[in-house]
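Here is the structure we will look at, set down as structure tokens.
The values are calculated or read from the model by the stated rules, or taken from the named source; none is laboratory data. Values in this document were obtained by computation on a predicted structure and should not be read as measured data. Please note: Cβ atoms are built from the backbone with ideal geometry, for glycine as well, and neighbour counts cover all protein chains shown.
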Amino acid sequence: MNQIKLVLSSLVLVVLAACGGESDSDSADAEFLTLSAELNSTLPPVNESLSSQSPEGIWRVARHTVLNSKGGAFNESMQEISGFLDVRSESYSQLLIIIEKDFTAENAYIIYTCDGYWGAKSWELEGNTLSYGNINDNIFSPEDDGDFVLENNLRLAGQTRYEYHDSNNDHSENTTYTGVKISDSINFNEAQNLNIDLQINQRDTSYQLSDYVINPGCFSISQDEGELKEYTLATDSTETYSQSSSSFVIEMMGGDRISADEGAIVIDSETSVDLSGYYSNVNGQNLQLFYCSEDSEAPDEECLKSFEMTTSAETNAMSASSKGESLDGETVEIYFSYSQE
């Protein structure tokens, strides 16, 4: 692990120093350098007036993820494998994240990265490198690790890796990050140099950023493109479909989460499967909406009648809005925007 950190540190320092300069095309690490420089070009410039004493603060981060997942598909009775699914997708994300001191551990920081079901992690700071690792001897347990290299606690770059393997599944995610600190605050509601607006309406209840139950650790806007291959044992045939989606995620410091997704799997020129949906468990209220098939037994309150979403990300601004209505007439609506001078 220390050797990996050393190699990564050397590469990241090149990226941070070059800020988009040419990479050695003969190097095995040219792809990492090129990708990091591409992500770095989407971020605002470094603000030298912010504190360089620690990485604590609000960061604007660009992220790229490659996902590969292969697994068995079961029949309707869930008793036998009827085939296999092979998914490969590529995602670009823009985030606002908080890094704050972890007072339960020595020289450690909690980083909220909006990576969904994994939640926030505690990263150990050694020199100029933040790192975490979850390596298991059990071959059926996930392996999860990452390293971020800091420059003056105002800029970061690095990678994370997640892998899971068992008798029926092989899953891996490799993610590259670059980021710049944009505020010394560790509370989005108190960041005076940032303009952040958040409005949430669901089940006749309204929330905004100043409400005590709304304590975001991060916001994420993502665009995904990928391919799904489906192999059916009975017919010994393989079908290939394309898929794409846009998503907006809010991950609260306490673990609550809101996500809005708009996307589809394209079967052919006339047929597609709508993957759009909305999920929230804010304030202990679970809400899930998705498009239901005609033979679905899901209640009307969980089935979407309509859904729309728009997202935007620029160097000094981000925004997302979504609105959905269930078959029983319940509506959900969320609006987010951020900008800085």
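Restricting attention to segment 212-222, and to residues there that are farther than 30 Å from S69 by Cβ and in contact with a strand residue (DSSP E or B) (Cβ under 9 Å, 6 or more places away or on another chain), which single residue is surrounded by the fewest Cβ atoms within 10 Å (Cβ to Cβ)? Walk me through it before giving the result.
We begin by selecting, within segment 212-222, every residue farther than 30 Å from S69 by Cβ; these are 212-215.
Those still in the list that are in contact with a strand residue (DSSP E or B) (Cβ under 9 Å, 6 or more places away or on another chain) too: 213-215.
Numbers: V213: 11, I214: 19, N215: 15.
Per the criteria, the residue is V213.
For segment 93-104, which residues satisfy the criterion of being in a strand (DSSP E or B) and either surrounded by fewer than 18 Cβ atoms within 10 Å (Cβ to Cβ) or among the β-branched types (V, I, T) (or both)? Give the derivation first.
Applying the first criterion (in a strand (DSSP E or B)) to segment 93-104 yields 93-101.
The answer is I97, I98, I99, K101.
Can S183 be described as over 30 Å from T34 (Cα atoms), touching a strand residue (DSSP E or B) at 6+ places or on another chain (Cβ under 8 Å), at pLDDT 90 or above and of a type in the set (G, A, S)? So that I can check it myself, show each step before the final result.
Numbers: over 30 Å from T34 (Cα atoms): no; touching a strand residue (DSSP E or B) at 6+ places or on another chain (Cβ under 8 Å): yes; at pLDDT 90 or above: yes; of a type in the set (G, A, S): yes.
Criteria not met by S183.
Inspect segment 287-305 for any residue being under 15 Å from F248 (Cα atoms), in contact (Cβ under 8 Å) with a residue 60 or more places away in the chain and not in a loop (DSSP other than H, G, I, E, B) and give the result as yes or no.
No; the residues of segment 287-305 include none that is under 15 Å from F248 (Cα atoms), in contact (Cβ under 8 Å) with a residue 60 or more places away in the chain and not in a loop (DSSP other than H, G, I, E, B).
Specify the residue that is farthest from N47 (Cα to Cα); the eligible residues are those in segment 192-206 that are surrounded by 14 or more Cβ atoms within 10 Å (Cβ to Cβ) and modelled with pLDDT of 95 or more.
N201
Can you tell me which residue in segment 146-171 is surrounded by the most Cβ atoms within 10 Å (Cβ to Cβ), limited to those that are modelled with pLDDT under 90 and part of a strand (DSSP E or B)? Show your work before the answer.
Just the residues of segment 146-171 that are modelled with pLDDT under 90, to begin with: 162-171.
Still in the list and also part of a strand (DSSP E or B): 162-165, 169-171.
On the way: Y162: 19, E163: 15, Y164: 16, H165: 15, N169: 14, D170: 13, H171: 16.
Checked segment 146-171; the qualifying residue surrounded by the most Cβ atoms within 10 Å (Cβ to Cβ) is Y162.
Of the numbered conditions (1) farther than 30 Å from I265 by Cα; (2) under 19 Å from the mean Cα position of the chain (by Cα), T205 satisfies every one except a single condition; which is it?
(2)
Counting only residues that are touching a Phe, Trp or Tyr at 6+ places or on another chain (Cβ under 8 Å), free of Cβ contacts under 8 Å to residues at least 60 places away in the same chain and under 25 Å from A120 (Cα atoms), how many does segment 255-275 have?
1
Working only within segment 230-279, note down all residues that are of a type outside the set (D, E, K, R), assigned to a strand (DSSP E or B) and over 24 Å from Q94 (Cα atoms). Let's see the steps before the verdict.
Keep residues of segment 230-279 that are of a type outside the set (D, E, K, R), which gives 231-235, 237-238, 240-250, 252-255, 258-260, 263-267, 269, 271-273, 275-279.
From what's left, assigned to a strand (DSSP E or B): 231-232, 237-238, 240-250, 252, 258-260, 263-266, 272-273, 277-279.
Matches in segment 230-279: Y231, T232, S237, T238, T240, Y241, V266, S272, V273.
Could you pull out the residue among D224, D211 that is at pLDDT 90 or above and part of a strand (DSSP E or B)?
Values: D211 fails: part of a strand (DSSP E or B).
The match here is D224.
So in segment 260-270, with the set limited to residues that are touching a strand residue (DSSP E or B) at 6+ places or on another chain (Cβ under 8 Å) and surrounded by fewer than 19 Cβ atoms within 10 Å (Cβ to Cβ), which one is modelled with the lowest pLDDT?
We begin by selecting, within segment 260-270, every residue touching a strand residue (DSSP E or B) at 6+ places or on another chain (Cβ under 8 Å); these are 260-267.
Still in the list and also surrounded by fewer than 19 Cβ atoms within 10 Å (Cβ to Cβ): 264-267.
Working: A264: 91, I265: 89, V266: 87, I267: 83.
Here the residue is I267.
Within segment 247-268, is even one residue more than 20 Å from T65 (Cα to Cα) and of a type in the set (S, T, N, Q)?
Looking for residues that are more than 20 Å from T65 (Cα to Cα) and of a type in the set (S, T, N, Q), one finds none in segment 247-268, hence no.
Exactly one condition in (1) at pLDDT 85 or above; (2) closer than 30 Å to D295 by Cα; (3) among the polar types (S, T, N, Q); (4) surrounded by fewer than 15 Cβ atoms within 10 Å (Cβ to Cβ) is not met by N107; state its number.
(2)
Quick check on V273: is it within 23 Å of the chain's Cα centre (by Cα) and either modelled with pLDDT of 90 or more or crowded, with 18+ Cβ neighbours inside 10 Å (or both)?
On the way: within 23 Å of the chain's Cα centre (by Cα): yes; either modelled with pLDDT of 90 or more or crowded, with 18+ Cβ neighbours inside 10 Å (or both): no.
No: the conditions fail for V273.
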